[in-house]
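All remarks here apply to the structure that follows.
The values are calculated or read from the model by the stated rules, or taken from the named source; none is laboratory data. The structure presented is a predicted model; accordingly, all values stated were derived computationally and were not measured. Here the Cβ is made from the backbone with ideal geometry for all residues, glycine too, and neighbour counts use every protein chain on show.
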């Protein structure tokens, strides 16, 4: 029997990339998986998480068909727009996808969480570092990282809430070598399964003493200072 046999997992943004890997990992461990995405996918409810009516309909479907939720993973991806071309509407849409939706879906399912439920928010290493012209995405990821410890406090005794901050995760199946790999102390670019494996662990009974944490999964990249000449990088002038 799988680790989540007979349990229910809810995953937002499950059609591709990290979300698809998380859905597959839960299914492989026996869970029944519900997901919502803009794109059709297995076990999927087609809808925009930025729309509260879509979240309400999705939550109602989950409760009607499953009764209770054992695992809840907020993974839906907010758009990345920068200060030069990001409008007020663009910025607030990113926050609705990345922060408001996880809050509201958790609220909708709160009274249907199984005892000892696990909630995992997918943040990003951009919650602590940035590139230019990424304000909408970075703000959303910083927001969900902070929402994590707030929910952990509010849901104490009912559910554990943690977040994962992925670094460079290749979702296209490319083979990165040279400086791209060498700048990671782990020696490679990340894979969606690296995040899915941790999501499963954090939702499992084995992580019963972990809550309110944000775990960065980036192959050590954010801890390695790279100067001219390091890891095969050269300054182009």
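Identify the residue in region 177-194 that is assigned to a helix (DSSP H, G or I) and surrounded by fewer than 15 Cβ atoms within 10 Å (Cβ to Cβ) and, among all such residues, is modelled with the highest pLDDT.
Taking region 177-194 first, the residues assigned to a helix (DSSP H, G or I) are 179-182, 192-194.
With the extra rule that they be surrounded by fewer than 15 Cβ atoms within 10 Å (Cβ to Cβ), the set shrinks to 179, 193.
Numbers: 179: 85, 193: 98.
So the residue we want is 193.
Every listed requirement among (1) in contact with a helix residue (DSSP H, G or I) (Cβ under 8 Å, 6 or more places away or on another chain); (2) at pLDDT 95 or above; (3) on the phi < 0 side of the Ramachandran plot is met by residue 67 save one, (3). The set of residues from region 139-175 being surrounded by 14 or more Cβ atoms within 10 Å (Cβ to Cβ) and without any contact (Cβ under 8 Å) to a residue 24 or more places away in the chain comprises 142, 146, 170. Any residue that is surrounded by 22 or more Cβ atoms within 10 Å (Cβ to Cβ) and assigned to a helix (DSSP H, G or I) - is there at least one of those in region 63-80? No, region 63-80 has no match at all. Residues in region 148-165 that are closer than 18 Å to residue 124 by Cβ and part of a strand (DSSP E or B): 161, 162, 163, 164, 165. Quick one: count up the residues across region 195-209 that are in contact (Cβ under 8 Å) with a residue 12 or more places away in the chain and either in contact with a strand residue (DSSP E or B) (Cβ under 6 Å, 6 or more places away or on another chain) or surrounded by fewer than 13 Cβ atoms within 10 Å (Cβ to Cβ) (or both). The qualifying residues number 7.
Give me a count of the residues in region 93-146 that are in contact with a strand residue (DSSP E or B) (Cβ under 6 Å, 6 or more places away or on another chain) and part of a helix (DSSP H, G or I).
At the first step, the residues of region 93-146 found to be in contact with a strand residue (DSSP E or B) (Cβ under 6 Å, 6 or more places away or on another chain) are 102, 109, 112-114, 117-125, 127, 144-145.
From the residues that got through so far, the ones that are part of a helix (DSSP H, G or I) too are 102, 109, 112, 125, 127, 144-145.
Residues that pass the stated criteria total 7.
The single condition among (1) within 23 Å of residue 18 (Cα to Cα); (2) without any contact (Cβ under 8 Å) to a residue 40 or more places away in the chain; (3) under 18 Å from the mean Cα position of the chain (by Cα) that residue 78 does not meet is (2).
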